[in-house]
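Bear in mind that the values in this text are calculations on the coordinates, not laboratory data. Worth saying up front: this structure is predicted, and the values here are computed from it rather than measured. A quick note on method: Cβ atoms are made from the backbone with ideal geometry, for glycine too, and the neighbour counts reach across all protein chains shown.
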């Protein structure tokens, strides 16, 4: 006869928890449903008999003193042993799961709204209409019609599950499953609400006011607690998430809190300098193009960028200057250009190649995004 401690692979001073843990591990490996090999089944019988004895303090004491295992394998040692076996397989038995609640929490909902750059910068308020699950106005979530109430299920007697005992070569095995009559709720609704068919909720269109904070950008989500889908049985609603999609601006490009604007000026304006009115999110603003401005130069306008979402401060507006060189000249204009070059001591076709510096390569990398 196999030693029970050796069968479970535990020491003689193992605690009850250690014995249960060892048996649960072996039972999952050796159960006939997992491994039908006859030799493995014999070992499974030995392991189960060992657990039946060692899990009961009185049986274990008698076994340690050299007595029998009181009841052997066939019947699991009575009701107490059978309950322990079920505990080992199912982690605590099946008697305390109880019926499913009819009231359950609702799901979250997601909706996207589009805002322009101005709204993203300064914030806005929107009225959005969406269809979602709401509490049934007829039964106020109970699912019952005419002030009736749910009735205890006559099949499962309110437990929400039914049990079935079958016999196998390892003895009696009890299985539990949700009651087919009540769906596991433990009660039935004999007179369901006609509006919601007993679900406690209906789908309806509703209008919600959304406050969009200043500084949002594409991908930001606004969480509105309790404005999502109402749960079954009138359960608490989930949350509504409003995702922001920012539409592109005609002239301004956003990079975080910084805005960028491309400005094209004539060669004469860049040479002599000028003042130009540009459109910003705050309205028309005057910027100065200083004399001798080169193509690629930038002008920073402080505080005319985007609002920071958390700090509330404003970023800057960067104006990128492009000097437009004339491509076609008439004879008079060409003559004037030659005269201009002569006055400056320049010769046609004369170029100058300078040694590069680090700033040159920095600008080159920026231009190609590297």
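Sorted on the mean count of surrounding Cβ atoms within 10 Å across their residues, most packed first, peptides 261-270, 228-237, 323-332 read 228-237, 261-270, 323-332.
The Cα-based radius of gyration of the stretch 168-226, divided by its Kirkwood radius, gives an Rg/Rh of 1.34. Grouping the Cα pair distances of the stretch 252-337 into 5 Å bins from zero gives a pair-distance distribution of 3, 13, 22, 19, 14, 11, 7, 5, 3, 2, 1, 0 percent in increasing distance order. Taking the Kirkwood radius as Rh and the Cα radius of gyration as Rg, the stretch 155-291 has a ratio of Rg/Rh equal to 1.44. Counting every other Cβ atom within 10 Å of each residue's Cβ, 162, 48, 207, 313 order from fewest to most as 207, 313, 162, 48.
Note on the stretch 125-174: along the principal axes its Cα atoms extend 70, 32, 12 Å, ordered by decreasing extent. Sorting 248-257, 101-110 by their mean Cβ neighbour count within 10 Å, with the most densely packed peptide first, gives 101-110, 248-257.
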